[in-house]
Amino acid sequence: MKIVVLDGYTENPGDLSWEELEKLGELSVYDRTSYTEAPVIAERIKDAEIVVINKTPISKTTIDQCPNMRLIAVLATGYNVVDYDYAREKGISVVNVPTYGTQIVGQYAVGLLMEICSHYGHHAKSVADGKWEKNEDWCYWDYPMIELYGKTAGIIGLGRIGQATARILNAMDMKVLAYDAAEKEEGKKVAEYVDLDTLFERSDVIFLHCPLFPETEGIINKDNIAKMKDGVILINNSRGQLVAEKDLAEALNCGKVYAAGLDVVSTEPIKGDNPLLKAKNCFITPHISWAAKAARQRIMDITVNNIKAFLKGEPVNVVNR
């Protein structure tokens, strides 16, 4: 059994081990291959039966050039980089890692909010640069300090991660609203379900935790921003395409949106002409909500188990049955 990992570096930059995959077959690991359609993808797969990817695309063209391919294992939850419908037609299973970072992604979302409210990094650097030592007063702050107690948070998408975020916000004595197409009893324990317009109108902070579907693409746009409170804060560590970036940049620059904390953008790595790079009060981190070592180890373990289950003829986490 030949197994090839096409873009393993972000999953394992050296602090994890591929040993368990090596036990399952002849393993080839590439740190990076291509994040756009390219001949090198099929060239590296060659006659491998199992292909492991993160963000390297597997298209119809690639599938047609790799007749031995039987399984595509995605080192992530999202699998939109794979032509999974065509893979199904060719008898190729696509498996993903549906749950691995619930707590860390929720933690990171609230962390982005806390940075906006208190500017920890800036103030720590100002102390290191000598500003406190030279200050006339016993303390100072360069940005307004925002207290979250009693404020209202709105969560769009109250799945596992949305609920994890909600529990943290509950502990901070915030009122939590949620919009989700599927209302669940578990969600009702941590938030009040409302319609989308009500969430926009009442929320001081809005978190995006919904999947990227045609109906959610660009859900943060000029029209919906107009429905929000003046000075709202937006947090997105779900999918960059949920946001119409030009509209958000304009709202930040005019103050309609006070600040945004983003761990994702529409094109990654970010492009130099992205309007959010020059927008006011916009905090952007490089898609690392998921990257804690413990979470990456879970990805590795679940991927290995996905492959073992497939080899036993009892596949799990198949997204294209």
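The values are calculated or read from the model by the stated rules, or taken from the named source; none is laboratory data. Note that the structure is predicted; figures quoted are calculated from it, not measured. Positions of Cβ are backbone-derived with ideal geometry, glycine not excepted, and every protein chain shown enters the neighbour counts. With ligands, DNA and RNA removed, areas are computed over all heavy atoms of the protein, side chains included. Shrake-Rupley method; radii C 1.70, N 1.55, O 1.52, S 1.80 Å.
Would you call T303 among the hydroxyl-bearing types (S, T, Y) and open to solvent by less than 10 Å² (accessible area, probe 1.4 Å)? Before you say what the answer is, go through the steps one by one.
Working: among the hydroxyl-bearing types (S, T, Y): yes; open to solvent by less than 10 Å² (accessible area, probe 1.4 Å): yes.
Answer is yes for this residue.
Residues are listed down the side, and each one gets a yes or a no for (1) under 24 Å from A259 (Cβ atoms); (2) open to solvent by less than 70 Å² (accessible area, probe 1.4 Å); (3) not in a loop (DSSP other than H, G, I, E, B):
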position	(1), (2), (3)
K125	yes, no, yes
A153	yes, yes, yes
D173	yes, no, no
V176	yes, yes, yes
E183	no, no, no
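Starting from the stretch 217-235, take each residue that is in contact (Cβ under 8 Å) with a residue 60 or more places away in the chain and under 21 Å from G162 (Cβ atoms) and list its partners that are open to solvent by less than 70 Å² (accessible area, probe 1.4 Å) and of a type in the set (F, W, Y), counting only C-beta distances under 8 angstrom and pairs at least six apart or across chains. Qualifying pairs under 8 Å: I233/Y258; I235/F207.
Within the stretch 306-321, the set of residues being open to solvent by 50 Å² or more (accessible area, probe 1.4 Å) and either in a loop (DSSP other than H, G, I, E, B) or of a type in the set (K, R) (or both) comprises K308, K312, G313, E314, V316, N317, R321. Is it the case that V127 is among the aliphatic types (A, V, I, L, M) and closer than 30 Å to K60 by Cα? When the stated conditions are applied, V127 does not pass them. Taking N12, is it at pLDDT below 95 and under 25 Å from the mean Cα position of the chain (by Cα)? Considered against the rule, which asks whether it is at pLDDT below 95 and under 25 Å from the mean Cα position of the chain (by Cα), N12 comes out as no.
One line per residue, one yes/no per condition, for (1) buried (at least 16 other Cβ atoms within 10 Å of the Cβ); (2) farther than 18 Å from A291 by Cβ:
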| residue | (1), (2) |
| --- | --- |
| P13 | no, no |
| L21 | yes, yes |
| L24 | no, yes |
| R32 | no, no |
| P39 | no, yes |
| I50 | yes, yes |
| I53 | yes, no |
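V94 falls short on exactly one of the conditions (1) more than 22 Å from Y79 (Cβ to Cβ); (2) touching a residue at least 40 places away in the same chain (Cβ under 8 Å); (3) among the aliphatic types (A, V, I, L, M), and that condition is (1).
Table: residues versus (1) open to solvent by 80 Å² or more (accessible area, probe 1.4 Å); (2) in contact with a helix residue (DSSP H, G or I) (Cβ under 9 Å, 6 or more places away or on another chain).
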residue	(1), (2)
Y120	yes, yes
W132	yes, yes
E136	yes, no
W141	yes, yes
T165	no, yes
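Taking every residue in the stretch 157-171 that is farther than 18 Å from V194 by Cβ and pairing it with any residue that is open to solvent by 30 Å² or more (accessible area, probe 1.4 Å), at least 6 positions away or on another chain, the pairs with Cβ-Cβ distances below 8 Å are R160/T99; A164/Q103; A164/Q107; I168/Q107.
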